[in-house]
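Any read-out appearing in this document is the output of simple, stated calculations on the displayed coordinates, not a laboratory observation. All figures in this text were calculated on a predicted structure; none of them were measured in a lab. Don't worry about glycine lacking a Cβ; one is built from the backbone with ideal geometry, like all the others, and counts go over all protein chains shown.
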Amino acid sequence: MFYLYILKSDRDNHLYIGSTKDLTRRLKEHNNGVVFSTKNRRPLKLVYYEAYSVESEARKREHNLKLRANALNQLKIRIRGSLKH
């Protein structure tokens, strides 16, 4: 499986969108400071993920959410309860 995931920073409440094959490992990497783009925003919590059987679909969804503000805003509305914690 391949995953599109959204993390929320406890430090600044910003979201990070990514994709990976191993969600557990990737979350640990983010919280251990291995990922440059999030190392100063730790700790991070997983607030949402989607699973795909094909890597290209997960990457396409990641790209779509990063590029199209409307797509991300619709998702934020759907998961607003998860974003409050």
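Details
- Inter-label distance for Arg80 and Tyr52, nm, one decimal - labels placed 7 Å from Cα along Cα-to-Cβ: 2.8
- Each of the peptides 79-85, 34-40, 54-60 was scored by the mean count of other Cβ atoms within 10 Å over its residues; in descending order, highest first, they stand as 54-60, 34-40, 79-85.
- Helical mean residue ellipticity (222 nm; -39500 (n - 2.57) per DSSP H run of 4+; nearest 500) of the chain: -12000 deg cm²/dmol
- The label-point distance for Ala71 and Asn32, in a model that sets each label 7 Å from Cα toward Cβ, rounds to 3.1 nm.
- The length gained by stretching the chain between Asn40 and Asp10 to full extension, at 0.36 nm per residue less their Cα-Cα distance, is 9.7 nm.
- P(r) weight above 17 Å for the chain, C-alpha pairs, percent: 46
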